[in-house]
1. Out of the residues in segment 279-328 meeting the condition of being of a type in the set (Ser, Thr, Tyr) and more than 37 Å from the chain's Cα centre (by Cα), tell me which one is nearest to residue 360 (Cα to Cα).
2. Pairs needed: first member in segment 370-383, on the phi > 0 side of the Ramachandran plot; second member anywhere, surrounded by 15 or more Cβ atoms within 10 Å (Cβ to Cβ) and modelled with pLDDT of 90 or more; C-beta distance under 7 Å; at least 6 residues apart or different chains.
3. Looking at segment 553-594, which of its residues are of a type in the set (Ser, Thr, Tyr) and either in the same structural domain as residue 395 (by TED's automatic domain parsing) or touching a Leu at 6+ places or on another chain (Cβ under 9 Å) (or both)?
4. Hey, among 159, 133, 140, which residue is outside the structural domain of residue 58 (by TED's automatic domain parsing) and buried (at least 18 other Cβ atoms within 10 Å of the Cβ)?
5. Residue pairs, Cβ under 6 Å, 6 or more apart or interchain, first in segment 241-255 and farther than 17 Å from residue 346 by Cα, second among the β-branched types (Val, Ile, Thr). List them.
6. Return a yes/no flag: does segment 677-695 have any residue that is under 20 Å from residue 507 (Cα atoms), at pLDDT below 90 and in a loop (DSSP other than H, G, I, E, B).
7. Would you pick out the residues in segment 183-218 that are in contact with a Ser or Thr (Cβ under 8 Å, 6 or more places away or on another chain) and not small (Gly, Ala, Ser)?
8. The conditions are (1) over 30 Å from residue 590 (Cβ atoms); (2) surrounded by 14 or more Cβ atoms within 10 Å (Cβ to Cβ); (3) over 41 Å from the mean Cα position of the chain (by Cα), and residue 507 fails exactly one of them. Which is it?
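The values are calculated or read from the model by the stated rules, or taken from the named source; none is laboratory data. Keep in mind the model is a prediction, meaning the values are calculated, not measured. Quick reminder, even Gly has a Cβ in these numbers, built from the backbone with ideal geometry, and neighbours come from all protein chains shown.
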Amino acid sequence: MRLGPVKIICLVARPIFAAAFFLCLLGTAPFFQAMAQNVSTISEIRVEGIQRIEPETVKSYMRIRAGDPFDAALIDESLKSLFVTGLFRDVSIRRDGIVLIVKVSENPVISRLAFEGNDVTEDERLRKEVQLRPRVVYTRTRVQSDVDRIINIYRAQGRFAVKGVPKVIQQSQNRVDLIFEIDEGEPTLIRKISFIGNKAFSDSRLKTVVLSGESHWYSFLTASDVYDPNRVTFDGEMLRRYYHRRGYADFALLSSSAELSQDQENFFLTFTLEEGNRYRFGEVTINSKLKGLDVSKLKGVTTFQTGDWYDGKKVEDSVNNLVDAVGNLGFAFIDIRPKIKRDREKRTVTVTFDINEGNHVFVERIDIHGNVRTMDKVIRREFRLAEGDAFNRSKMRRSRQRINGLGYFKKATVTQKPGSVKDKTVLDVAVEEQSTGTFSVGAGVSSTSGLIAQVQLSENNLLGKGQHLKIQTSLGEKTQNYSIGFTEPYFMDRNFSAGFDLFNVVTKKTDSITFEQNKIGFGLRAGFAYNEHLNHSLRYRFENKEVSSVDDDASLSVKRQEGQSISSSIGQTLSYDARDNKLDPTEGFVVRLSNDLAGLGGGTRYLRSTLSGDNFITILDDWVFRLSGEVGYILGLGEDVRIDDRFFLGGDSFRGFAQGGIGPRDDDSGDALGGVGYVTATAELAFPIGNSDVYKARGFVFSDVGTLRDSTESGSGIHEDDMMRASLGAGIGIKTPLGVIRFNYAVPVLKADFDKEEKFSFQLGTGF
């Protein structure tokens, strides 16, 4: 049989292809063997390089486990997971056959954390800010983060030149001591403050509005010249308030920038503002939807009227006044909302007060927090509301005023929070305690008496119970005064105060006083309140008085008083106090009527009466005007009034004159004889000096007028003059972290030739 060409080729090619296929199988055997090996499982994970950390802890952070295949993706994820823990400085993973080897290098643990070079900022504050702690893992990232935090602390204090360098000291067992070496640098001060866009008010006027201040030679008294970005932010709000209170309702602060000088020692602040138009109050309307409410009775309650310059604060004050007035008319649940409409063409602002019935809400509970020392009951008893009472916004505001008026807290706030149900509310009281004890040292320089020193120790919140304790010693060339007083404002937890006084007053001989007097005794006090403003107090006082060592050339009035006398008296004081704050009033008035009757035993008999009043008015922002008046008279019952029972004016009671420097006087001896009747009046304007969140400075200008008359003495050499006396003066009071410093300078402008002057006095005190 004859074969074709194609078949011949196929017969020859078959053995060749078979041989080639066999050879290929032999060549790929290692490849398949390797493939089989790659898909094998992990028999063991071995951890190397650990010192403190357990192997199982390392394995717990990994995504791959023993028994899993050798998956490159899972190995890579495990590597990343180990780095993320922050426990390791370096990590590597490799394969050794069917074993996975994890080699780590642990980050050290912080053994000790310290700060060096920080004189301005205490260690405790820095520790609160940094994240690293002893027994925490050390990492460079965390250290740098804490360095940034430290720098930010100092920059908030105006120290932009601060530098922080971490120093690491290696210890055994992979532990380190971490020390932050701080170069605090000098404070970065504000060289200049500029305003752009102001036309109504000058730069100098606006500089008194903002809290930040330019650096001057006297800036050591304040901290306002140190750049603080938070303070600059608040400066914008202060400017807004200032303009809005003066009718500029369209005012806008466009920008506030701080440019650092090239030497990085000073900042230049620039405020760009747009004043806008000035508005007046237009029509003022009061609408009421309450049945039985006569709107006409609310006339005059608002603090402004049509035609006055617009003042946003006056609108707020008017709302508060309306709430009080409507509440006093017997409406417990009210809601007053002002509607303000601005007419840009007429430049007027119309205000409509809508009085609606509010939701019936009752006080569920009163929560108090922030008081570490002061007992809850001391705060609760000042509340005009109790659990279960109908909620009254006016009473809540009055409660806040009373709590702040205690003087125990830097700040006390009372806010309203939702209760457990819709018609219940929770009153949240947050207080920040302050030092209530004081240790003060005072001194005065008199043209007649020389140096006078006073030491006083007082505690107004004894044991956190609201009790008052006062120990006072006055040492001078003229007098010595030792006294102890104690008051329980809520005796037996009732609205009834009780207290006592122990005293010893020694009057010594000087060039102008020709006798010595020793007065020792005690007093008992009690008081109660008829209502929110009307208070009544009763007292008993016992005194054993002795006049001795009378000079031969002393006044006959003094010679007649030589020897011992006993005075036993009862008295009362009726007061009406409508001030917004008893310690630092800015609005309101107080009137006091006092009477004392002596003759309940002893040889002294008289009736003494005084009437006094103070009125406070806020004129402009924190500018407070005080107008005071006082009149007194003492009537001898069957005998002349003794010299030591008469009135004396001067010193604190009449600035510009020495203690006892006004009124009847014996010309021969120079002795002040006192008087049986007097009248005084004071006009004083207090105002802030600068703005500071650390130092509080207030200036004041004043004028005192008055007279003291009728010593009941007669004879040659007795000077009596009913003429009015007057003095003008100024002073400054600075509240510093070290205490309160007060300076006072007054000059008599109307005086008798025989009066004694005291122009300058100062006082320094500190708290604890």
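1. As a first pass, look at segment 279-328 and keep what is of a type in the set (Ser, Thr, Tyr): 279, 285, 288, 296, 302-303, 306, 310, 318.
From what is left, the residues that are more than 37 Å from the chain's Cα centre (by Cα) are 285, 288, 296.
Working: 285: 26, 288: 17, 296: 25 Å.
Ranking the qualifying residues of segment 279-328, first place goes to 288.
2. Hits for this filter: 370/430; 370/431.
3. 555, 557, 568, 569, 573, 575, 576, 594
4. Numbers: 133 fails: buried (at least 18 other Cβ atoms within 10 Å of the Cβ); 140 fails: buried (at least 18 other Cβ atoms within 10 Å of the Cβ).
None of the other options fit; the residue is 159.
5. Taking only residues 6 or more apart or on different chains, the pairs are 242/209; 254/272; 255/272.
6. Residues of segment 677-695 that are under 20 Å from residue 507 (Cα atoms), as a first pass: none.
No, segment 677-695 contains no residue that is under 20 Å from residue 507 (Cα atoms), at pLDDT below 90 and in a loop (DSSP other than H, G, I, E, B).
7. Step one: list which residues in segment 183-218 are in contact with a Ser or Thr (Cβ under 8 Å, 6 or more places away or on another chain), which gives 184, 189-191, 193-197, 203, 211-213.
Correct list: 184, 189, 190, 191, 193, 195, 196, 203, 211.
8. Every condition holds for residue 507 apart from (3).
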